[in-house]
Amino acid sequence: MNGITGCDRGRFRAVLAAAAIAFAPHLFHISPFVSVFLFSAWGYALGMQFRSWPTPPRWLLVVLALYCLGMVFSAYGRSFGEDAGVTLLMLMLGLKAVESKSLRDVLALSFLSYFVVVTNVLYSESLPMTAYMFFSVAAVTGALAYLHSGDVSPCPALRRGMKILLQALPLAIFLFIFFPRLQGVLWGVYNDRGKGVSGFSDTLDPGSVSDLALSGEVAFRVDFAGPVPPVETLYWRGQVLDSFDGRVWSRKRPFRPVESVPGNKGSEYTVTLEPHSGKWIFALDLPAPVSRRGITLGEGQVLEAQIPLRFRVRYTMAVAPGPDRSAPPGAWAVKLPGGNPRSRDLARQWAGKPAREAVGAFLRLLREGGFSYTLSPGATGENDIVDHFLFASRTGYCEHYASAMAFVMRAAGVPARIVVGYQGGEVNPMGGYLLVRQSEAHAWVEVWMDGGWERVDPTSVIAPQRLTGGSGQFAPRAEGLLPAGGVKMFSRVFRFFRLGWDAANNSWNQWMLGFNYERQRGLWERLGLSSGGMGRVIAAVALGFGIFLSAVTWNSLRRPAFRRDRARELYLRFLSACAALGVPAHRSDGPLTHLARFTARHPHLAEAAEPVVREYVALRYAGAERGEDQLEELVRAFTRRK
C-alpha cells in the first residue's frame, strides 16, 4: 500500500471529503472537463491509499501540470480573470491529492481547500451561500483537527472545528466593524440574461420576441422616507431611446451632463440596485440626486454611473417637479427611416395639429381599435413592423405600443422619444420597502408638449391593470392541477414565504454586504470617532490585539509542555484499520480485550495483530525501552496484511 507518512487512510479520506464540500458549489460555474479531471484525480488518490495503485512518477505529474496550465490558457487566453483563476485552483486541488506523500502535502491540500471556499464569493454573496461557506470552513477545520488528533471517529474533530469558529466569531465581528474599509469592491458579480426573458435593456426591438418569459429576479429595492406612493404612479426611468432604424430603437446621442430641475424637491427615497454590468441608474421622474457620489445626471433626465455596476450600489434620490424642460428637441426628435407606409398615411391625418390633440387621437385609436395586451404576440419577420402591429396583429406588450406611438408621433411632426425602465413594484410588508423585479421592466413614450417632455403611456389605455398589478397577471397559467381555491391558498402561502425570504436577504444586503466605507464612517461618527478619531480607532485595535496576544501567551506559558505521544498515535492508527474491517474499538475496551474481539472475528489476521498489541502494551504499561520505530513497523505490516 502507498501510505502517507504521518497520515493514515481515514484521515486522508476526511481531508478529501472536506475539499469536496468546499468545491461543490463550483460544479455550476466551471467547465465539466475540470470537474471530471478533479474527481478522477481524487479517485486515483483514494485508490493509491486503499487499493495500492502505483504512485505516478514525478515526470508524469509535471506533464499533467503543464497540460492543465495549457488548457486554462487555451480556454481563457490572456484575460486571466476570475473564472480562469478558479479553474486553475481546482486543477491544483486535484494534482495535489495525487502527489500527496507526507503529512505536509495533506496540510497543503487542506489550506488549498480554504482558498476554494473563499472563491465562492466571486459568484454569489447571498445569505445561503454565506451559510454554506461557514459550514465548509467548519468541515475543513474539522478535518485539520482530525488530522492532528488521536480520535478514531472524525465527529469529535468536526465539533472541535465548529467550536474554534465560534470562538473566533467575536474577533471577526470586531474587525468587521472597526477595520478600515476600502472605498470600492474587490470583485464583481456578473449575471447574464437569457434571450426572450423580461428585464431591462438599452435597446427596444418589439418584433424579435414571440413569447416573453417573466423573470422574477430582483432589479432593485427602494426604501421611501415616507409612505410608499401608489404603484401606478411609479415610473423608474433608466434610458432614453432617440433613434429608430426601422426595427430597433436605441440611443445614439452622446451622454451630456445637465443640472437637476430647480424647485422644491419631493420626498426622498433610497435605492439598493443589484449588479447588472451596465452604467444605468434608475430613479423616479424626474430624478434629483441627493447622494450623487459616482452618479451623473444627463440630458433626458437619465442617470449614469461612472463605472459599470458589477457590484450592489445604494444611492438616495428625491423627486423633482416636472416636466423635463432641460433638452428642447432637435431634428433627431422627428427623424425616421423609410418604410411603414400605412402608419405614415395615418399620421398625416394629425400633421400640423397641436401635439396634445395628436396624442389624444392616437390613444383613442388604441382604445377603440380592438387592440389587446399579451405577452405572446408572435415574432414578425416583416420589415414594416409598425404597420404589422397597427393594422394586422393589433396585439403586443409595452414595447409594441411605445414603438408604434413614437413612430406615428414623429411621422406627424410631433417630437417624441421612448423611455425604458421599470414601472410599479411590490410592497413587502415584512420590510416596509418596495421590491422591483425584472418582470416590471417597461417602456413608455415622452412627447414634447407645451414646452416640455411629458410622459404618455399607451399601455395604460389598453391594460390599465398592468400598472397596478404588474405583468405577472398576463402570464399563462396551468389549469386543472388544483382547484381554484387551492391555487389561491397556495399562492398566498408562497407569496408569504417569498416576501419573508426577500426581507431576510434585504437585511443581509443592507447590514452586512452594504456595510461600506460610508456606513463605517457614519458608525464611527455616532461613536464619537469622527475625522480626527482615526488614531483612536487604530490605537483601540492595537490595544485589543495586544491584550489578546498577551492572554494567549500567558495561557500557553502556564500550561505544561506538550509531548507528542507517538505510541498512542500508532495504536490509534491500528484501531482505525481494525474499524475498517468491522471491529471498532469500544470506550470500555482495553488493548487485550479489543484484540480478543478482533481475533475472534478475523482469526487469519491474529498473527499480524497480536505483535502490535503486545508491543503497545510493553511501551505503554511495562516501561519497555525499545522505541516506537518497532511499533510503527508492526502497524505498517498489519495494514499490508489486511
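Some values worked out for this structure:
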{"read-out": "Residue in region 128-140 that is open to solvent by less than 30 Å² (accessible area, probe 1.4 Å) and polar (S, T, N, Q) present", "value": "yes"}
{"read-out": "Residues satisfying the stated conditions in region 126-159, i.e. at pLDDT below 90, among the polar types (S, T, N, Q) and part of a helix (DSSP H, G or I)", "value": "130"}
{"read-out": "Residue satisfying condition, being crowded, with 17+ Cβ neighbours inside 10 Å and either at pLDDT below 75 or touching a Ser or Thr at 6+ places or on another chain (Cβ under 7 Å) (or both), within set 516, 506", "value": "516"}
{"read-out": "Odd one out for residue 321 among (1) surrounded by fewer than 18 Cβ atoms within 10 Å (Cβ to Cβ); (2) in a loop (DSSP other than H, G, I, E, B); (3) at pLDDT 85 or above", "value": "(3)"}
{"read-out": "Residues within region 196-220 that are within 15 Å of residue 309 (Cβ to Cβ) and either buried (at least 20 other Cβ atoms within 10 Å of the Cβ) or modelled with pLDDT under 65 (or both), tallied", "value": "4"}
{"read-out": "Among (1) farther than 30 Å from residue 497 by Cβ; (2) aliphatic (A, V, I, L, M); (3) touching a strand residue (DSSP E or B) at 6+ places or on another chain (Cβ under 8 Å); (4) surrounded by fewer than 23 Cβ atoms within 10 Å (Cβ to Cβ), the one test that residue 409 misses", "value": "(4)"}
{"read-out": "Test for residue 314: is it more than 26 Å from residue 515 (Cβ to Cβ), in contact with a strand residue (DSSP E or B) (Cβ under 8 Å, 6 or more places away or on another chain) and either among the aliphatic types (A, V, I, L, M) or open to solvent by 50 Å² or more (accessible area, probe 1.4 Å) (or both)", "value": "no"}
{"read-out": "Residue list for region 426-461, filter: closer than 13 Å to residue 282 by Cα and assigned to a loop (DSSP other than H, G, I, E, B)", "value": "none"}
{"read-out": "Every residue from region 358-376 that is surrounded by fewer than 12 Cβ atoms within 10 Å (Cβ to Cβ) and in a helix (DSSP H, G or I)", "value": "364, 368"}
{"read-out": "Which numbered condition residue 240 fails, given (1) open to solvent by less than 30 Å² (accessible area, probe 1.4 Å); (2) closer than 25 Å to residue 519 by Cα; (3) among the aliphatic types (A, V, I, L, M)", "value": "(2)"}
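The rows are residues; the columns are (1) of a type outside the set (A, V, I, L, M); (2) closer than 16 Å to residue 30 by Cβ; (3) touching a Ser or Thr at 6+ places or on another chain (Cβ under 8 Å).
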| position | (1), (2), (3) |
| --- | --- |
| 80 | yes, yes, no |
| 87 | yes, yes, yes |
| 92 | no, yes, no |
| 101 | yes, no, yes |
| 110 | yes, no, no |
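Table: residues versus (1) modelled with pLDDT under 75; (2) under 28 Å from residue 509 (Cα atoms); (3) open to solvent by less than 60 Å² (accessible area, probe 1.4 Å).
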position	(1), (2), (3)
520	yes, yes, yes
527	yes, yes, no
538	yes, yes, no
550	no, no, no
553	no, no, no
559	yes, no, no
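The values are calculated or read from the model by the stated rules, or taken from the named source; none is laboratory data. All figures in this text were calculated on a predicted structure; none of them were measured in a lab. Positions of Cβ are backbone-derived with ideal geometry, glycine not excepted, and every protein chain shown enters the neighbour counts. Keep in mind that these areas ignore ligands, DNA and RNA; they rest on the heavy atoms of the full protein, side chains included. Shrake-Rupley method; radii C 1.70, N 1.55, O 1.52, S 1.80 Å.
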